[in-house]
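The values are calculated or read from the model by the stated rules, or taken from the named source; none is laboratory data. Since we're looking at a predicted model, the values are computed, not measured. Neighbour counts are summed over all protein chains in view; Cβ atoms, including those assigned to glycine, are modelled from backbone coordinates with ideal geometry.
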Amino acid sequence: MAPIRHAFSRVMRSLVMKFTLLCGIILIAATAVLMGIEFQLKRTYNTETGLRHAELITELFASNSAPYFRRDDAAGLVGRLNDFGAREDISSVYAADINRRVIAVSGQTGYVVGQRAADHLIQSAIGAVDTRVETIGDTIRIAEPAFDGGRLVGAVVTTVPISAVAEPAGRILTRQILIAFAALVVFLPLAAFIITRALAPVRELTEAARLASSRKLDMRIDVQTGDELEVLANAFNRMFARLDASVKRVHRLAYVDMITELPNRERFRKELEQVAREAAENDTEGAILFLDLDRFKRVNDSLGIGEGDRLLEAVGRRLREATRAWDLANGDLGAGPSMVARLGGDEFTVLMPRLRDSSDAARLARRVIDAVRRPFEISGHQVFLGLSAGAAVFPRDGADPETLLRHADLAMASAKRAGGNACEFFESSMNQSAFERLVLENELREAVREDQLVVYYQPKVGMTDGALAGAEALVRWQHPTAGLLSPGAFIQAAEECGLIGEIGDWVLRRACKEAAGLMMKGHCVPVAVNVSAMQFESEHFAETVLEALQESGLPPEMLELELTESTAMRDPERVIKQIEPLRDMGVTFAIDDFGTGHSSLSYLTRMPFDVFKIDQTFVRDMSNDDHARVVVETILALAKSLKLKTVAEGVETADQYAALRGLGATLAQGYLFGRPMPLDELERFAEPESGHAAG
């Protein structure tokens, strides 16, 4: 039963079969109704025909038998009655006189000759002197009075079966059923054919919907029926066109970077997953390059987001051109072309599906680095970028996209720390370094929470008399196990994990508080605090400085804030707007590491700075490098013309000190006068009898 039920279920899924079956049911129902009506009409007609026939033959027999009734000729009446009863349309007949005495009988009447008939039918006919008719089932009984010369002489009762005078209804019904069956045999295939032709557009629409469900939307349904199906097909065509456009747009949004038109992270991840799996199966090697632009943030901040996007687009174009040239130069390695993708921000990747050896990845990395280092022309400005690259080879360095990207990122970070514009390959030791860096970041967060940071101060002395003229606040980390750590051990990690702003604010507040404490003890030592780029770019920078001054009670003129030259020149207009309110209150500002960046002289003359700090590299080399000495002389001459103070950093020898004093430097800072020291040592250093002058 189950196979039959399943087969029936499959058949009934066909719309043609359903409509054909429905037509068959309607036809059978209509035929049954018509047959029922015809059967009833035929029965009525048969009854009426039988009545007329029975009345006619009975009337004729009674009329012809009347003389025998009158002559009381029983023998002659019996003979005629026997002849009449022998007819096929007569089942029985008897004759009785006016006293209802039976004279002659033919057939099964229930009476014998000489018996008095008690039949109510003959009683009514003789009593009313009129014909009486009775229908019982399929038989008709008629009582007909016999007259002779207008006088009633007797009566005849005839029983006539309807089937003898008309076609039986059952036979008619059988014939109608046969005709109906033949009609079904002929009509249903014809109906199925017509329905199949009529539903052909529906099948086309169904097939189109099936193809659409499998994302084949570039189709057109051609239905020209001139009815609702054609309207529906046109609606399907419009819907498919819109869906196709929407799917393509969604696919583009999901897998294409909108700025560079390169594949995005998700598309790159899917492609890398497939290529890495094939490489593992075929025992081949491929590589990915993780690329990070150097100095892009500075350019983006200077030019604005719109121009930054144009720069990213230009970078993506060069990366595509470089990888395409690489593919053409190295031929088809049987694994498809290289893919360039943008992961986000200023990070790009290159997928090399097949390598001859790992040096291929190094050569391509060198090609893309050289391509990016060429100047870009953006809105009339020449922009220079650098590129750091990290390479991970699969399946050696990982078999899944996440691992490969992480390892290539670690290699890129190592290349960036080494100075950038280079490529490094992933090594297992980098995982350990990354883990140690993560531990360092976590410990650094704890250090900020647990107040493990301390401020050291390096004295600044006057060039003319060697007297203490101020101090630079420098952060140190009193690590619970590693001891006192200098900034070089943790500042870069603080910048990368976003703690540099919080640390800078803490140093600012602590330095102001301790400088105010020195003032209360009679030591007026102006304090200089370094300000990080992240700290300075905060919208609440000015409020933070004011809060530190108010909380500590330090006079504004006792605070000096140092900005690096690159930070100062990143957005000069914003810098001017940011520092002028504080400078008006008395806070002084210094450009740190002056001479190492790319200052614009047009902006430099407008900048509200008070101090130039000469970078220690120039100070250290000025005694044996004429170029360094020229730079120092130029900075000092510029500062003198702008009426600014100067601080020479890294003064370690008396010759350096003497040379700088001769060139007109204002202040000096370096190991010659004192190393960075805790607050209590600075307090002793400030004592008049300490004898710290350089002489």
Just one of Glu537, Glu495, Glu514, Glu502 is touching a Ser or Thr at 6+ places or on another chain (Cβ under 8 Å) and among the acidic types (Asp, Glu); which is it? Glu495
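Among the residues of region 604-634, which ones are of a type in the set (S, T, N, Q) and part of a helix (DSSP H, G or I)?
Gln616, Thr617, Thr634
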For the subset of region 443-488 comprising residues that are among the charged types (D, E, K, R) and part of a loop (DSSP other than H, G, I, E, B), which member is farthest from the chain's Cα centre (by Cα)? Asp465
Restricting the first residue to region 543-561 and requiring it to be on the phi > 0 side of the Ramachandran plot, which pairs with a second residue that is surrounded by 16 or more Cβ atoms within 10 Å (Cβ to Cβ) and not polar (S, T, N, Q) meet a Cβ separation below 8 Å and a spacing of at least six or different chains? Gly553/Ala516
Residue satisfying all of: in region 656-669; touching a Ser or Thr at 6+ places or on another chain (Cβ under 8 Å) and outside any loop (DSSP other than H, G, I, E, B); farthest from Thr464 (Cα to Cα) among these: Gln656
Quick one: in region 145-154, which of the residues that are in a strand (DSSP E or B) and modelled with pLDDT under 90 is farthest from Gly50 (Cα to Cα)? Arg151
Being within 16 Å of Ile57 (Cβ to Cβ), buried (at least 20 other Cβ atoms within 10 Å of the Cβ) and touching a residue at least 40 places away in the same chain (Cβ under 8 Å), is that true of even one residue in region 95-106? yes
Do we have any residue at all in region 290-310 that's under 22 Å from Leu410 (Cα atoms) and either of a type in the set (Lys, Arg) or outside the structural domain of His407 (by TED's automatic domain parsing) (or both)? yes
Take the residues in region 446-475 that are surrounded by 20 or more Cβ atoms within 10 Å (Cβ to Cβ) and among the charged types (D, E, K, R); name whichever of them is nearest to Ala516 (Cα to Cα). Glu472
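Checking the structure you have, find out if any residue of region 646-655 is assigned to a loop (DSSP other than H, G, I, E, B), of a type outside the set (Val, Ile, Thr), under 22 Å from Ala528 (Cβ atoms) and touching a Lys or Arg at 6+ places or on another chain (Cβ under 6 Å).
Checking region 646-655: at least one residue is assigned to a loop (DSSP other than H, G, I, E, B), of a type outside the set (Val, Ile, Thr), under 22 Å from Ala528 (Cβ atoms) and touching a Lys or Arg at 6+ places or on another chain (Cβ under 6 Å).
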Odd one out for Ile503, checked against (1) crowded, with 22+ Cβ neighbours inside 10 Å; (2) over 25 Å from Gln550 (Cα atoms); (3) not hydroxyl-bearing (Ser, Thr, Tyr): (2)
What are the residues in region 478-490 that are out of contact with any helix residue (DSSP H, G or I) (no Cβ under 6 Å at 6 or more places or on another chain) and either surrounded by 18 or more Cβ atoms within 10 Å (Cβ to Cβ) or over 16 Å from Asn530 (Cα atoms) (or both), if any? Gln478, His479, Pro480, Thr481, Ala482, Gly483, Leu484, Leu485, Ala489
Looking at region 411-431, which of the residues that are within 14 Å of Thr349 (Cβ to Cβ) and of a type in the set (A, V, I, L, M) is surrounded by the most Cβ atoms within 10 Å (Cβ to Cβ)? Met412
Kindly evaluate Glu450 against the criterion of being in the same structural domain as Val275 (by TED's automatic domain parsing) and either at positive phi or not basic (Lys, Arg) (or both). no
Out of all the residues in region 566-584, which are acidic (Asp, Glu), more than 14 Å from Asp610 (Cα to Cα) and assigned to a helix (DSSP H, G or I)? Glu573
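For region 378-402, which positions are in a strand (DSSP E or B) and under 30 Å from Gly306 (Cβ atoms)?
Taking region 378-402 first, the residues in a strand (DSSP E or B) are 378, 381-383, 386-394.
Ile378, His381, Gln382, Val383, Gly386, Leu387, Ser388, Ala389, Gly390, listed by residue number.
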How many residues, within region 665-679, are over 20 Å from Pro487 (Cα atoms) and free of Cβ contacts under 8 Å to residues at least 60 places away in the same chain? 1
Exactly one of these conditions fails for Val454: (1) free of Cβ contacts under 8 Å to residues at least 60 places away in the same chain; (2) over 30 Å from Ala665 (Cα atoms). Give me its number. (1)
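So, in region 277-306, exactly how many residues are part of a helix (DSSP H, G or I) and modelled with pLDDT of 85 or more?
6
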Across region 403-422, what is the total count of residues that are more than 12 Å from Ile288 (Cα to Cα), out of contact with any Phe, Trp or Tyr (no Cβ under 8 Å at 6 or more places or on another chain) and not in a loop (DSSP other than H, G, I, E, B)? 5
Test set (1) free of Cβ contacts under 8 Å to residues at least 60 places away in the same chain; (2) touching a helix residue (DSSP H, G or I) at 6+ places or on another chain (Cβ under 7 Å) - Pro395 fails condition number: (1)
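In region 332-342, is there at least one residue being within 16 Å of Val275 (Cα to Cα) and hydroxyl-bearing (Ser, Thr, Tyr)?
Checking region 332-342: at least one residue is within 16 Å of Val275 (Cα to Cα) and hydroxyl-bearing (Ser, Thr, Tyr).
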Give me the pairs, please: first residue somewhere in region 284-301 and polar (S, T, N, Q), second residue anywhere and assigned to a helix (DSSP H, G or I) and surrounded by fewer than 20 Cβ atoms within 10 Å (Cβ to Cβ), beta-carbon distance under 9 Å, and either six or more positions apart or on two chains. Thr284/Glu278; Asn300/Glu307; Asn300/Asp309
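For every residue, the table says whether it meets (1) more than 27 Å from Phe296 (Cβ to Cβ); (2) assigned by TED's automatic domain parsing to the domain that holds Gly462; (3) in contact with a helix residue (DSSP H, G or I) (Cβ under 9 Å, 6 or more places away or on another chain); (4) crowded, with 18+ Cβ neighbours inside 10 Å.
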{"position": "Met520", "(1), (2), (3), (4)": "yes, yes, no, no"}
{"position": "Val531", "(1), (2), (3), (4)": "no, yes, yes, yes"}
{"position": "Glu537", "(1), (2), (3), (4)": "no, yes, yes, no"}
{"position": "Thr544", "(1), (2), (3), (4)": "yes, yes, yes, no"}
{"position": "Pro555", "(1), (2), (3), (4)": "yes, yes, yes, no"}
{"position": "Thr564", "(1), (2), (3), (4)": "no, yes, yes, yes"}
{"position": "Lys577", "(1), (2), (3), (4)": "no, yes, no, no"}
{"position": "Glu580", "(1), (2), (3), (4)": "yes, yes, no, no"}
{"position": "Thr588", "(1), (2), (3), (4)": "yes, yes, yes, yes"}
